[in-house]
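Here is the structure we will look at, set down as structure tokens.
Just so you know, all these numbers are worked out from the coordinates, no wet-lab data involved. Note that the coordinates shown come from a computational prediction; the quantities given were computed from them, not determined experimentally. Cβ placement follows ideal geometry from the backbone for every residue including glycine, while neighbour counts extend to all protein chains displayed.
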Amino acid sequence: MRSKLTVLLLLILCIPNVSAAIDSEDDGGELWFSCNDINDCSLTEFHTGEESISGSVNSATPFSPSTVFIELPMTPSQTEIALIPQEIDELQIDLRYQDDIVGISRPDMEVTIIIAQSTTIIEFQGDSNPADGMQGPYKVNDEPLDLAGDRLLWPGEEIRILLQFEVERPGTWQLNLRGASYMFLDIIWSEDVESRDVDEPSSYASPRQTELDTVHYGALVEDDWDCWSFDVENHEIMTITIEWEEVPSEIEQNHGRPDLILPDNRLAPAPELETEVVNGVTKSTWKWRALPVGEYDFCIGGKLNSFQPYKWIGLIAFESFGPTSPDGFDYSSWEWEGYGMKADQYGSVDLDGTSGVMVLVLSFAILLGLVIELRSETTSRAVRFGIFVPGVLVLFLSGIVSPMWAIAGEMPSSDEMTLDELIDNRLDQIWHASHPNAPASSKALHVGSTFGMLDGETLSLRLIADSAWPLDDGRWQLYIPEFYELDFESKIFAKVAEKSETSPLDDLLDSHSRSFILLAARTLMLDILMLEALLVVDDLPTSNVIHFETEMVESRKLGSIQEPAWGTRPADLPEGRWRLMQENLYPNLVSIVLLDGIKDDLEFRIKIDNEISHNLMYSSNSVKPSEPLLESQYVWVIAGIALILLGIGIENKRRTNAKNILNQFALENKWD
């Protein structure tokens, strides 16, 4: 009896916990179809239940088909916040139907996927006569989900799948389970709210007692207030630094000014603010000066439908001592350092315009001088049409048409943008995307697009190259001086001055402007980095005017959850090569620091450790240096002039000989 109990206990211990609360752990997005019978089905994390379930349809005709419903709710319910992907990684349903007339067939099926408040319907086409009576399961990969812009699954919200199929003949259906039917979602982020909200209980009315210089951990949930009470000793400067953990932008808190309550219960004056974003993590340092000694209350307030973990610490110091002073800012403009230039400056070749004007003037003068010669009568048709006229045509094409073609190609077209225009349009786009009321999906779509170009849009840009730098494999990378003349801060702050409609109080920017400045600085840096790396050509250009024109198509994004990057690519650049470029170019460290106070300033810290191999750089057809119509234009001009001179020389010699003969003949006649 004891041995039987031992075996039973071991069997119980071997049974896994049946859970389907999806998360970002390995296999955390796997939902397996599990059923005990047709009325007891669910989506579970592990295989459980029967190997298959089946049912019989006794009466069904084409005029009166029978409908079968199977409902699979996720069991148990969701316990974490999870970010749902835009598409299903894989969905497979192994359903078979057999009747006495056709045998095994495949009925039409409608699959309804309910995720929180969203509904996605997938329709599968049936097959009434599968080859050899065999058929595979219903299956789709990378199927889009209709999430209506809301990608978050909150605790307690459900995932449910409804299967519906119709049969027109009596028979038996069978749904295979235990690994045969499932739905996989790629969950890239999830969080357990209760385990992170460790600062509770605290509120405005009941702050938690603490020490200012202690590291505090917690999470701001919904519109809650997290409050602490601490003593402040004699000081000149007090700073409180809050580091906000990266979360999806859909639930990010607003990082607004915290409330600091003075010992006399008044609100402290507006502080200075230094904001730093390092690889998606936001650190806000609030600084107050000349506050009285006593007991303070410090509170952080949230907003509805938001959640974000944080940690904070306070510090008191005296002026010009320690990390409380912004001495790291020198208020100078940040300059581009050529992060995308991977070629070697040694051996570079200077580039100029095509100089087509000089060739054009010279050729026109020669042709004008030949008009008289062309009108002269001649009896040598072979010289005229065999040498002289071909020379004129060659000179006309190479000295007139080709230079005019090159000059026209160097002129900006109506649909081309300059770099300044591209940046200005990009800043307008980021300003709207960074608005607090902008949908998170829209923000990710626009910010994550390369150069601001969405899928299907065409980028047309005109650049001036100073020189071409050689790559190891014989190709060239174009050096654009305009990149190194960009004043990122001036352009970004000028856009804030243009767009902002609010008057900041106490010299502090509004939250929208702060978010825009940090996001714009990061996005512009990544855009210029990728643009510079794409300026690779196979052959040395003959002109310094570069046209970058391409259709942009959707691609895999890189970067943070909130603010992805490089989500579109040139249409001619293969996806695999684009991913290699992304991974090798993306900086190990992207730190943008904003000093918000009496004088606004930005500081960039960028670090790229990866050594990109030259063979990873791609010569895109998007890069089109301006070129003359004919290659080796000067050779053709010389050839044309040579033919003309040869024809003139032969004709003059022939005429001279003719005159000599005529004179000799006249002289002989005179003596006669």
> Calculated FRET efficiency, Asp231 and Asn584, Cβ-Cβ r, R0 60 Å, to nearest 0.05?
Replying inline: 0.70
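Ranking request for peptides 602-615, 533-546, 184-197: highest mean number of other beta-carbon atoms within 10 Å first, then the rest in descending order.
Values: 602-615: 13.9, 533-546: 19.3, 184-197: 16.6.
Highest to lowest by the protection proxy: 533-546, 184-197, 602-615.
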> Given 0.36 nm per residue, what is the gain on full extension from Ile38 to Glu51 after removing their alpha carbon distance, in nm?
Replying inline: 3.4 nm
> Using the Cα gyration tensor of the stretch 571-617, with a ≥ b ≥ c the square roots of its eigenvalues, what is the shape: rounded (a/c below 1.5), prolate (a/b larger than b/c) or oblate (neither)?
Replying inline: prolate
> Under the Karplus relation 6.51 cos²θ - 1.76 cosθ + 1.60, θ = phi - 60°, what is the ordered set of whole-Hz ³J(HN,Hα) values for the stretch 27-35, x standing for Gly and Pro?
Replying inline: 6, x, x, 8, 10, 9, 6, 10, 9
> Over the stretch 414-625, what relative contact order in percent results from Cα pairs under 8 Å that are six or more residues apart?
Replying inline: 26 percent
>> I want the local charge near Arg569. Using Cβ-Cβ distances under 14 Å, sum +1 for each Lys or Arg and -1 for each Asp or Glu among the other residues.
In response: -4
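So, R0 is 25 Å and r is the distance between the beta-carbons of Glu498 and Asn437; what FRET efficiency does that work out to, to 0.05? Provide the component values of the computation, followed by the final result.
On the way: r = 20 Å, r/R0 = 0.79.
After rounding, the FRET efficiency stands at 0.80.
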> In nm, what is the difference between 0.36 nm times the number of residues separating Arg556 and Glu158 and their Cα-Cα distance?
Replying inline: 140.4 nm
> What is the list of residues in the stretch 156-184 whose amide nitrogen lies under 13 Å from a point 7 angstrom out from the Cα of Ser59, following Cα to Cβ?
Replying inline: 170
>> Using a 10 Å cut-off around each Cβ, can you sort Met109, Met552 from fewest to most neighbouring Cβ atoms?
In response: Met109, Met552
> Ordered by packing density, taken as the mean number of other Cβ atoms within 10 Å over each peptide's residues, highest first, how do 119-125, 617-623, 433-439 rank?
Replying inline: 617-623, 433-439, 119-125
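Between Ser77 and Glu211, how high is the FRET efficiency from 1/(1 + (r/R0)^6) when r is the Cβ-Cβ distance and R₀ = 51 Å? Nearest 0.05. Before the final figure, lay out the partial values.
Working: r = 40 Å, r/R0 = 0.78.
Working from the Cβ atoms, E equals 0.80.
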> Modelled label-to-label distance, Ala571 and Asp27, 7 Å Cα→beta-carbon offset: nm?
Replying inline: 4.4 nm
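Can you bin the stretch 431-507 into rounded, prolate or oblate? Criterion: square roots of the alpha carbon gyration tensor eigenvalues sorted a ≥ b ≥ c, rounded for a/c under 1.5, prolate for a/b above b/c, oblate for the rest. Each step should come with its number before you reach the end.
Working: a/c = 3.37, a/b = 1.69, b/c = 1.99.
Here the stretch 431-507 falls in the oblate category.
How long is the gain from Ser460 to Asn615 if the chain were fully straight, where each residue apart is worth 0.36 nm and the alpha carbon distance is subtracted?
Details: separation 155, 0.36 × 155 = 55.80 nm, distance 2.58 nm.
Once the chain is fully extended between Ser460 and Asn615, it gains 53.2 nm.
Output the Kirkwood hydrodynamic radius of the stretch 237-287, Cα pairs only, in Å rounded to one decimal.
Values: mean 1/r = 0.0810 Å⁻¹.
Kirkwood radius, the stretch 237-287: 12.3 Å.
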> Among Lys311/Lys499; Lys283/Lys342; Lys443/Lys499; Lys342/Lys495; Lys311/Lys495; Lys557/Lys607, which pairs are too far apart, with a Cα-Cα distance over 22 Å?
Replying inline: Lys311/Lys499; Lys283/Lys342; Lys342/Lys495; Lys311/Lys495
> Which ordering of Phe63, Phe298 is given by a fewest-first count of other beta-carbon atoms within 10 Å?
Replying inline: Phe63, Phe298
> All other residues with a Cβ under 15 Å from the Cβ of Ala444 taken together, and with Lys, Arg as +1 and Asp, Glu as -1, what is their net charge?
Replying inline: -3
> How much net charge surrounds Gln174 when only other residues with a Cβ under 15 Å from its Cβ are counted (Lys, Arg +1; Asp, Glu -1)?
Replying inline: -2
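With a ≥ b ≥ c taken as the square roots of the eigenvalues of the C-alpha gyration tensor of the stretch 195-324, please select rounded if a/c is under 1.5 and otherwise prolate if a/b is larger than b/c or oblate if it is not?
It is oblate, given that a/c is not under 1.5 and a/b is not larger than b/c.
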> At Glu421 and Phe318, where each label point lies 7 Å from the Cα along Cα→Cβ, what is the point-to-point distance in nanometres?
Replying inline: 5.9 nm
